[in-house]
Amino acid sequence: MSTAQRFVLFLGVALFLLEAEATSRSRRALGDADADEVISAGPSTVFNVNSFGATADGSTNNAKAFMKAWIAACKSGGGPSTLVFPKGTYVSGPVIFAGPCKGTITVQVQGTIKATTDLSDYDTQDWFLFESIDGLILTGGGTFDGQGQAVWKYNDCHQNPNCQLLPTSISFFKVKNAQIHGITSLNSKSFHTHVSGCENMQVHDLTVIAPGNSPNTDGMHVSRSNLVNISSSTIGTGDDCISIGQGTTHLSVTDVHCGPGHGFSVGSLGKYPNELDVSGIVVSHSSLKGTTNGVRIKSWPGSSPSRASGIIFDDITMDAVKNPIIIDQKYGSQSITAPSRVQISDVHYKNIRGTTISNVAVSFICSSAVPCQGIEMVDINLQYKGEGAKVTTVSASCENAKIKYGGKQSPPPCVQ
């Protein structure tokens, strides 16, 4: 959908609402009780997408109807509103649910929404975009099906570091005071969810499903956001279960189960000039199974200066994880020889236990320009679980890292 087409769509939505309001008034004046498109339900007014022309037939593109319903709900005065997607299978191209709204708004997805698979429909990297909203609740027990299996073959990011990512299924931009829970994301084209420029978001009971070989399908990518809490969720996908990008502060991950996937990652950092610092990250009481990485911090070589500090990985269980604990400051490009200038410091690994299929269970490849500072390892117990190997012990490899150890250490500490 081109920018011009999207403008025409918004103009059409606005005209529709004016016409619908005039028609509704006329019908109410004639005593037509069936004219209302909304239902008052206690303190919240309910807007059903079907009342705005949506059809759950598994084939009709409902993007226009969805945006009509959103504008009506968002601009409704007099208190909270609820936008309902009933049970059934809907199809939709890209939509923008933009605020600010007149009150808090709940989006209840009870059915399944499938994305269109023609990439020419998408002129941005978003399928469902929630933007500039204060007081959003996204819930309902339903599913966003990105139908990524139809387009993953067009992803060339494995060989092109400057590739154009396919559309993200659910994006949140400049959203404040939000709750996201009881939602499933299935087979996203690229990221399942992307949180950017947001403040105070509570995410729980999220289910993410995609094959382990699906490209760039991060479960949740967070950047430039503050006070994001992710808990009680299950993520199985083809890339990072949770990736924490530049400008993220005060983020917590608790009781999240990852696998398949690439683990819990801070980064990658430093790919672009003048990135913002990352700080106050806590990943705890979580588990990984069959992932390529466990807990990882990664930055690009040759980067602009920035910092990643105040990071805690605590009470993490791993089952057959390839690279359980890793800092990689040579991530992303073998052709760049200049060291990363992302300063990694004040990082704590505590009570991390389980099994690995690699003999190198801990790998710290830190920058020669700004070595890792204040790394703490306490009660690390990782055992080898690989098959057919001659060496069944685990070891640690450390480069340009200052590390303090305490409690049990398996693998043994690096010789410094």
Exercise. Provide Rg and Dmax in Å for the chain, with only Cα atoms included in the calculation.
Key: 23.6, 86
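Solvent-accessible area per residue for segment 257-416 at a 1.4 Å probe radius, Å²? Don't jump to the answer; show the numbers that get you there.
Numbers: 7000 Å² over 160 residues.
So segment 257-416 comes to 44 Å² accessible per residue, rounded to a whole number.
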Quiz item: Farthest toward the dipole's positive end in the chain, which of Ser335, Ala401, Leu166, given Cβ charges of +1 (Lys, Arg) and -1 (Asp, Glu) about the Cα centre?
Solution: Ala401
Quiz item: Could you give the nm distance between label points at Ser120 and Asp319, where each point is 7 Å from its Cα heading toward the beta carbon?
Solution: 4.6 nm
Quiz item: Rolling a 1.4 angstrom probe over the protein heavy atoms, how many square angstrom per residue are accessible across segment 39-148?
Solution: 36 Å²
Quiz prompt | Distance between modelled label sites at Glu199 and His250, nm, 7 Å Cα→Cβ extension | solution = 1.0 nm
Quiz item: So, with +1 on the Cβ of K and R and -1 on the Cβ of D and E, and no other charges, what is the size of the charge dipole of segment 245-368 about its Cα centre, to the nearest 20 debye?
Solution: 300 debye
Exercise. Please give the peptides 166-179, 398-411 ranked by average Cβ packing (other Cβ atoms within 10 Å per residue), highest first, as a rough proxy for protection.
Key: 166-179, 398-411
Self-check item: Proximal lysines to Lys408, defined as alpha-carbon separation beneath 16 angstrom and excluding residues fewer than eight positions away on the same chain
Solution: Lys350
Self-check item: Accessible surface of the chain [probe 1.4 Å, protein heavy atoms]: carbon and sulfur percent
Solution: 52 percent
Practice problem: Would you mind checking segment 206-224 for residues with the amide N under 17 Å from a putative spin-label position 7 Å along Cα→C-beta of Asn274? | Solution: 224
Quiz item: Given labels modelled 7 Å from the Cα in the Cβ direction, how far is it in nm from Gln159 to His285?
Solution: 4.6 nm
Quiz item: If pairing requires two Cys Cβ atoms under 4.7 Å apart, which cysteines of the chain are left without a partner?
Solution: Cys198
Exercise. Starting from the Cα of Lys75, draw a straight line to each of the lysines and keep only those under 25 Å, dropping any in the same chain fewer than 8 residues away.
Key: Lys64, Lys87, Lys102, Lys174, Lys176
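Is segment 81-123 rounded, prolate or oblate when judged by the Cα gyration tensor, a ≥ b ≥ c being the square roots of its eigenvalues, rounded requiring a/c under 1.5 and prolate requiring a/b larger than b/c? Working shown, then result.
On the way: a/c = 5.43, a/b = 1.37, b/c = 3.97.
Oblate, since a/c reaches 1.5 and b/c is not below a/b.
The values are calculated or read from the model by the stated rules, or taken from the named source; none is laboratory data. Keep in mind it's a predicted model, so treat the numbers as computed, not measured. Backbone-built Cβ (ideal geometry, glycine too); neighbour counts: all protein chains shown. Protein only, heavy atoms only, side chains kept; ligands, DNA and RNA dropped before computing areas. Shrake-Rupley method; radii C 1.70, N 1.55, O 1.52, S 1.80 Å.
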